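Take a look at the structure set out below.
What follows is calculated from the coordinates using simple rules that are stated; it is not laboratory data. Here the structure is a predicted model, which is why all the values come from computation and not from measurement. Cβ: placed from backbone, ideal geometry, glycine included. Neighbour counts: every protein chain shown.
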Amino acid sequence: MMVRNTSLIRRILTVDLPVLLILIFTLSPYLWMALTSVTQESKLFTQGPSLTGATLENYLRLFKTVGFGSNLLDSFIVAGGTVVVGLALSVPAAYAFSRFRFKGRRLLMLQFLVINMFPLVLLILPLFILMKSLGLVDTYFALIIANSTVAIPFSVWMMTSYIDGIPRSLDEAAMTDGCSRFGALFKVVLPLCTPGIIATGVYIFITAWNEYLYALTLGGRNIKPITVAIQTLIGEYQVEWGLLTAGGIVGAMPATLLFLFIQKRLIAGMTQGAVKG
Amino acid sequence: MSVTTVPPVPLSRRVLPLVMLSPAVLVTLAIVFLPMVQALWMSLHDYVLFRPKNFDWVGLKNFVTVWNDPVFWTSLRHTVIWIAITVPAQMLLGLATALLLNQNFPWRGLARALVIIPWALPSVVIALMWVWIYDSNFGVLNDLMLRFNLISSAIPWLADPDTALYAIILTLTWQGFPFFAVMILAGLQSIPRSYYEAASIDGASQARQFWHITLPGLSGVLMTATLLRVIWVANSIDVIYVMTGGGPGYSTYTLPLYALVKARTGLDYGYGSALAVSFTLLLLGFVVLYLRRAGRNIA
């Protein structure tokens, strides 16, 4: 009994307690923001944020006077459009990378990898000029295209690793049973990698939802995604921290929930390559 | 000499992969590589947006100006400090977190899920909440430090040129360490348990096991994650842009931020592109190192 107790105390001191400290460091900025957002603006500067007398007043103001609703819709359309474009282009490409061996395969795969390594700023300047000359600035199209520069390469790699995980023998069996290659793709491979497609799609959605610099540069009066709206709030309502933090919570909510929902599968896909290296 | 006859690959098998690849390849060519070439082209011209008709070839003039521009050197110094502190801090914190989360304790699943939250947050929101924490009048950081007598008067963390860069570095460390933790955790799980069992039978201490089994086992992951992170941290400007916009003065300018501000605010796209191209060339070494590692894994 004694031995068990000392080992338990030892574990608490060397594992539980340090983990708790790290989690406090990780979560407290977020919780502090949440706490501030439910505190009445007038009380914030006299008593500081507190749970007593918590109110949703800041959130109501956010939607009524600031009009956060339309920003959420903009973000939703841009992120959703990016998911569609990203997946539609990357799933066939990933299938080709996974199932065929052909000349230039390695080079093409590296080409997709190198895109995400290049500085965003190198891309953002010419894309703005390009969209401006095509008259596309401040349209959903421009923002979906810009976000696709990140989404396509990422999902090509993710999907290739998922499809690699589905045994080739399965599509070969389907083909000997009379399926065409496309039949095998649609009837065997796609259903089996649905979880992978969902995880990749959700990740594209999160990235596009959280994206800020493209939204700032290529958006405008008509299209104003949530991240730009939050940043504008910081400028306009400088000291109204109740309102600002409420905006932060609302803006972060969809991405955070989706992330917690798919994190296990996503992490498995993302770390696979790195562990091998 | 015998000639082994390889059955010819049917045409459909040769063409099909290219057909399936071409949409993705063509689109990325159009929206990534074409703009990059355009950036390079713009950097060789005088191109200021309020005189859009003037697009005069100036050769390397912009790059000579970059070389003689004191703000470029200041920004470069900040970029180096920025990477040299942020990435090791993220890695050490991530390593500690991963080692802890690899232990057995009842609420491990919950802890693993919660620790990655900073990673999922939009950088604008991250910037917003840290600006609130650092606020010089009502920020909780000053409040806590005053209460514990660590400082004698409130410090305007983001408005003081001596502290602003480091305040942002702390924010970025917070944002990025979960990435290292997740990667390292995956690395730890790939080290066979039997190594540790054999080592403890031989009487190796915990510290020696860490040094001789864990670290070598993690070296691949650490290398890959560090390279990736150097590239990302160097490129990341959204947090700085929202928190300080580069200020006060030039005290939080990094190279990509300088390029962006020059183009967005100064409307000088020629010079902005030259800055972006210079920065890309400086970063290229890390990119090549990373690609070589990643290239080895392509079967």
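Its DSSP H runs of at least 4 residues, each contributing -39,500 (n - 2.57), put the calculated 222 nm mean residue ellipticity of chain B at -21500 deg cm²/dmol, to the nearest 500.
Close amide-amide hydrogen proximity is noted between residue B:45 and B:58, each under 5 Å apart and 5 or more residues distant or on a separate chain (H modeled in the peptide plane; Pro and chain starts excluded).
Rounded to the nearest whole Hz, the Karplus-based 3J(HN,Hα) values (6.51 cos²θ - 1.76 cosθ + 1.60, θ = phi - 60°) of segment A:137-149 follow the sequence 4, 6, 10, 4, 3, 4, 6, 5, 4, 4, 5, 5, 4, with x at glycine and proline. Other residues within the sphere of radius under 15 Å centred on the Cβ of residue B:102, judged by their own Cβ, net out at +3 (K and R +1, D and E -1).
Peptide B:235-243 is shielded by partner chain Cβ atoms: per residue, an average of 4 of them sit within 10 Å of its Cβ. Just so you know, the averaged projected area of the alpha carbon convex hull for segment A:57-276 sits at 14.7 nm². Using the Cβ-Cβ distance between residue A:43 and residue B:282 with R0 = 60 Å, the FRET efficiency computed as 1/(1 + (r/R0)^6) comes to roughly 0.75. Taking other residues whose beta carbon is less than 12 angstrom from the beta carbon of residue A:93, and scoring Lys, Arg as +1 and Asp, Glu as -1, yields +2. For residue A:264, the lysines whose Cα falls under 22 Å of its own Cα, not counting residues fewer than eight places away in the same chain, are A:276. Each principal axis of the Cα atoms in the protein assembly as shown has its own extent, and those three values, largest first, are 89, 84, 49 angstrom. What separates the Cα centres of segment B:208-257 and segment B:19-42 is a distance of 28 Å. Mean partner shielding of peptide B:257-266, defined as the number of other chain Cβ atoms within 10 Å of each residue Cβ, is 3. Our note on the geometry: Cα centres of segment B:64-137 and segment A:80-148, 27 Å apart. Converting phi to 3J(HN,Hα) with the Karplus coefficients 6.51, -1.76 and 1.60 and the offset θ = phi - 60°, segment A:150-164 yields 8, 6, 4, x, 4, 6, 4, 5, 4, 5, 4, 5, 5, 5, 4 Hz in sequence order, with x at every glycine or proline. Inter-chain neighbour count for A:125-137: the average number of beta-carbon atoms from partner chains within 10 Å of each residue's beta-carbon is 5. Each residue, residue B:250 and residue B:196, gets one label point 7 Å from its Cα in the Cβ direction; the gap between the two is 5.1 nm. Please give the Cα centre distance for segment A:4-36 versus segment A:172-187, rounded to the nearest Å. Cα centres, segment A:4-36 to segment A:172-187: 52 Å. Our summary gives segment A:57-276 a relative contact order of 33 percent, counting only alpha carbon pairs under 8 angstrom and 6 or more residues apart. The lysines whose alpha-carbon is closer than 26 Å to the alpha-carbon of residue A:64, local same-chain residues fewer than 8 away aside, are A:43, A:224. Span-like helix check, chain B: qualifying full DSSP H segments, with Cα axial length of 24 Å or more and mean Kyte-Doolittle of -0.5 or more, are B:11-28, B:70-101, B:164-189, B:215-235, B:269-296.
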